[in-house]
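*Asks:* Before we start, here is the structure in question, set down as structure tokens.
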Amino acid sequence: MAAGSAEKTGQVRGKAFYLVLAAALLAITAMLLVYSFREYYSGTGARVEDFPVPPHETDAAAAQRVTEGAFRGGPARTAYFPYWDGGDHAPALAWQTDNYNPEGIITSPVVADGILYMVTSIDYNEFEELKDSGDVSVRFFDERIPADEAVVLEAYDTETGELQWIYLLGGDHGSGRAGPVPTVEGGMIYTGTGDSGCLLAVDAASVREEWRFCMPRPQGGGFFPMEESPVVADGLVFAGAGDGNLYALDAATGAERWRFHAEAPIMAAPASYGGIVYFGTSGDGEDPNLYAVDQASGREVWRFHTAGSVAATAAVADGIVYFQSTDSNLYAVDAASGDLVWRFDVGYAGYSSPVLARGRVFTNRFSDENGHAWVDALDARDGSVQWEVDLKRNFTSELAAAGGSLLVESGGQTFSLDVRNGKEQWQQKLSLGGSSATVFENRLYVGGLQVSVFVPQA
């Protein structure tokens with residue numbers, strides 16, 4: 001009996017040893033999984049709660065907010081395109097427009113229903129050749145022939161790069177200026193015509209003008225520009241203009257529903273979120289503010305005063321509006337109340353729009369010490385720095401997030417940075433001037449003095 005009891009006791013102890021060993025291995029595995037989870041979501045060893053999945057939007061939810069034919073990815077202007085398979089490799093060029101003009105305007109493309117739309121300028125002689133060739137359909141907003149440069153709206157097939165048609169908007173827009181960015185919604189193209197002070201609605205299928213809305217000329221002649229991208233929401237088109245008015249127009253007829261007069265020119269594209277349109281004002285000696293205006297009534301909800309111009313488009317997500325001012329700050333403001341949430345010093349910057357992706361705010365910053373351009377990733381809730389990268393160059397253009405990559409154009413090079421930790425994935429010359437990139441159906445569209453289209457490569 002004693003020998004049998006001892007044998008059973010040994011078996012029990014052996015089983016207990018293996019159970020303890022298995023438990024220890026499970027605990028170690030769990031610790032490794034937690035560590036990997038933290039590394040995946042922070043990329044810098046920061047606490048996982050510094051980069052949560054809630055309350056910010058998931059990639060699937062963010063993808064639903066991406067709108068075809070809209071500047072910076074949609075009415076909220078977040079410039080975040082969740083689905084892009086570019087990864088760690090530089091993309092391959094699929095095609096590019098052949099209208100490169102070193103003295104032309106800087107363009108940002110939009111894509112809708114397999115067509116790329118862009119406003120650019122071409123030499124008048126080139127325009128005449130296109131018109132006379134009969135190979136491309138040419139339409140006119142204004143029958144008056146420009147003397148030097150022709151500002152045109154162009155349409156390209158996104159698969160082949162073939163020019164479909166060209167629409168003359170007007171004359172010389174000015175070298176190096178950002179051109180109007182069209183918005184495509186419900187089969188209609190809405191675009192400013194630049195210095196002529198008009199907003200034009202063109203049927204995308206027939207390329208026929210449906211309506212135009214033109215502001216009266218100011219006393220003394222000239223025009224107020226209406227050149228930034230309009231935003232379409234709830235059957236209305238909202239467009240800011242150099243006369244300080246935000247116009248709300250019926251999307252179908254162009255009839256004016258209301259106008260809101262701000263205290264200074266509106267030179268950046270408005271954003272729409274939750275039934276409110278957000279826009280900034282700019283101008284030396286004026287009263288710069290970020291405004292929140294009710295979309296239905298045109299009533300002011302609130303205004304947030306800054307010490308410098310709000311010359312770049314605001315971006316909105318998760319109930320917070322983010323925007324830069326030339327007073328050297330990036331502001332985060334409560335979208336409902338206009339109360340300050342936090343601010344961040346961006347140095348000499350102030351003319352770029354932030355990117356909102358995966359619970360972070362990505363912004364550029366210029367160093368006072370060495371004049372270098374930096375890129376910062378900030379926690380969207382409190383503005384704390386998650387990572388920062390010195391590009392060792394003195395200029396950056398607009399940023400955009402595509403999948404897990406942040407795209408930054410600086411000094412003729414496009415840098416792709418890992419959104420988790422800022423590590424460089426690749427760099428390559430993609431554009432010929434700074435503008436906002438767009439991603440649709442796994443194609444990367446990069447604007448500038450011409451548009452280049454890229455696809456992922458292994």
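The values are calculated or read from the model by the stated rules, or taken from the named source; none is laboratory data. Source: prediction; values computed, not measured. Positions of Cβ are backbone-derived with ideal geometry, glycine not excepted, and every protein chain shown enters the neighbour counts.
*Asks:* Assuming H261 fulfils every condition listed in (1) under 27 Å from S435 (Cα atoms); (2) surrounded by fewer than 22 Cβ atoms within 10 Å (Cβ to Cβ); (3) not small (G, A, S) apart from one, which condition is it?
*Replies:* Checking H261 against (1) under 27 Å from S435 (Cα atoms); (2) surrounded by fewer than 22 Cβ atoms within 10 Å (Cβ to Cβ); (3) not small (G, A, S), the one that fails is (1).
*Asks:* Next up: What tally of residues in segment 370-393 results from selecting those that are in a loop (DSSP other than H, G, I, E, B), among the polar types (S, T, N, Q) and touching a strand residue (DSSP E or B) at 6+ places or on another chain (Cβ under 8 Å)?
*Replies:* Of the residues in that region, 1 qualify.
*Asks:* Take the conditions surrounded by fewer than 22 Cβ atoms within 10 Å (Cβ to Cβ), under 18 Å from H89 (Cα atoms), free of Cβ contacts under 8 Å to residues at least 40 places away in the same chain and not small (G, A, S) and apply them to Q413. Does it pass?
*Replies:* yes
*Asks:* Confirm whether V316 is aliphatic (A, V, I, L, M) and under 21 Å from the mean Cα position of the chain (by Cα).
*Replies:* It is true that V316 is aliphatic (A, V, I, L, M) and under 21 Å from the mean Cα position of the chain (by Cα).
*Asks:* So, in segment 315-340, exactly how many residues are of a type in the set (G, A, S), closer than 18 Å to D287 by Cα and out of contact with any Pro (no Cβ under 8 Å at 6 or more places or on another chain)?
*Replies:* Summing the residues that are of a type in the set (G, A, S), closer than 18 Å to D287 by Cα and out of contact with any Pro (no Cβ under 8 Å at 6 or more places or on another chain) in segment 315-340 gives 2.
*Asks:* Is it the case that Q425 is assigned to a strand (DSSP E or B), out of contact with any Gly (no Cβ under 7 Å at 6 or more places or on another chain) and more than 19 Å from S328 (Cβ to Cβ)?
*Replies:* Against the criterion (assigned to a strand (DSSP E or B), out of contact with any Gly (no Cβ under 7 Å at 6 or more places or on another chain) and more than 19 Å from S328 (Cβ to Cβ)), Q425 qualifies.
*Asks:* Go through (1) under 16 Å from the mean Cα position of the chain (by Cα); (2) hydrophobic (A, V, I, L, M, F, W, C); (3) at pLDDT below 90 for F395 and report which single condition fails.
*Replies:* Result: F395 fails condition (1) only.
*Asks:* Find the residue count for segment 420-444, including only residues that are under 18 Å from the mean Cα position of the chain (by Cα), surrounded by fewer than 23 Cβ atoms within 10 Å (Cβ to Cβ) and at pLDDT 80 or above.
*Replies:* 4
*Asks:* Moving on to the next point. Search segment 320-340 for residues that are part of a loop (DSSP other than H, G, I, E, B) and charged (D, E, K, R) and pair each with any residue that is crowded, with 21+ Cβ neighbours inside 10 Å and modelled with pLDDT of 95 or more when their beta-carbon atoms are under 7 Å apart and the residues are at least 6 apart or on different chains.
*Replies:* Taking only residues 6 or more apart or on different chains, the pairs are D339/V333.
*Asks:* Right, something else. Residue by residue through segment 241-256, note down the ones that are closer than 19 Å to G69 by Cβ and not charged (D, E, K, R).
*Replies:* Selection gives L249, A251, A252, G254.
*Asks:* Could you tell me which of the residues A335, A357 is buried (at least 17 other Cβ atoms within 10 Å of the Cβ) and under 16 Å from the mean Cα position of the chain (by Cα)?
*Replies:* A357
*Asks:* Taking the criterion of being closer than 30 Å to A335 by Cα, crowded, with 22+ Cβ neighbours inside 10 Å, modelled with pLDDT of 70 or more and in contact with a strand residue (DSSP E or B) (Cβ under 9 Å, 6 or more places away or on another chain), would at least one residue in segment 88-99 satisfy it?
*Replies:* No, there is no match, as no residue in segment 88-99 is closer than 30 Å to A335 by Cα, crowded, with 22+ Cβ neighbours inside 10 Å, modelled with pLDDT of 70 or more and in contact with a strand residue (DSSP E or B) (Cβ under 9 Å, 6 or more places away or on another chain).
*Asks:* Give segment 341-361 a look and list any residue that's charged (D, E, K, R) and farther than 20 Å from T281 by Cβ, or say none.
*Replies:* Across segment 341-361, the qualifying residues are D345, R358, R360.
*Asks:* Determine which single condition F366 fails, assuming it passes every other condition in (1) under 29 Å from E159 (Cβ atoms); (2) out of contact with any His (no Cβ under 7 Å at 6 or more places or on another chain).
*Replies:* (1) is the only condition that F366 fails.
*Asks:* Select from segment 393-411 the residues that are on the phi > 0 side of the Ramachandran plot and out of contact with any Gly (no Cβ under 9 Å at 6 or more places or on another chain) and list them in ascending order.
*Replies:* If the condition is that a residue be on the phi > 0 side of the Ramachandran plot and out of contact with any Gly (no Cβ under 9 Å at 6 or more places or on another chain), then G411 is the only one that fits.
*Asks:* Taking segment 277-307, which residues are closer than 28 Å to V66 by Cβ, hydrophobic (A, V, I, L, M, F, W, C) and free of Cβ contacts under 8 Å to residues at least 60 places away in the same chain?
*Replies:* V277, F279, L290, A292, V293, V301, W302, F304
*Asks:* Then there's this: So in segment 339-354, with the set limited to residues that are modelled with pLDDT of 95 or more and surrounded by fewer than 17 Cβ atoms within 10 Å (Cβ to Cβ), which one is nearest to S384 (Cα to Cα)?
*Replies:* For segment 339-354, the residue satisfying everything is R343.
*Asks:* Kindly provide the set of residues from segment 274-311 that are hydroxyl-bearing (S, T, Y), at pLDDT 95 or above and surrounded by 22 or more Cβ atoms within 10 Å (Cβ to Cβ), ordered by number.
*Replies:* Y278, Y291
*Asks:* Further question on the same structure: Filter segment 381-398 for residues that are touching a Ser or Thr at 6+ places or on another chain (Cβ under 7 Å) and touching a residue at least 40 places away in the same chain (Cβ under 8 Å); which is surrounded by the fewest Cβ atoms within 10 Å (Cβ to Cβ)?
*Replies:* W387
*Asks:* Taking the options V346, V293, name whichever one is out of contact with any helix residue (DSSP H, G or I) (no Cβ under 8 Å at 6 or more places or on another chain) and more than 27 Å from W258 (Cβ to Cβ).
*Replies:* Result of the check over V346, V293: V346.
*Asks:* Among the residues of segment 361-380, what is the count of those that are surrounded by fewer than 20 Cβ atoms within 10 Å (Cβ to Cβ) and modelled with pLDDT of 95 or more?
*Replies:* 1
*Asks:* Could you tell me whether any residue of segment 55-73 is polar (S, T, N, Q), part of a strand (DSSP E or B) and at pLDDT 80 or above?
*Replies:* There is no residue in segment 55-73 that is polar (S, T, N, Q), part of a strand (DSSP E or B) and at pLDDT 80 or above.
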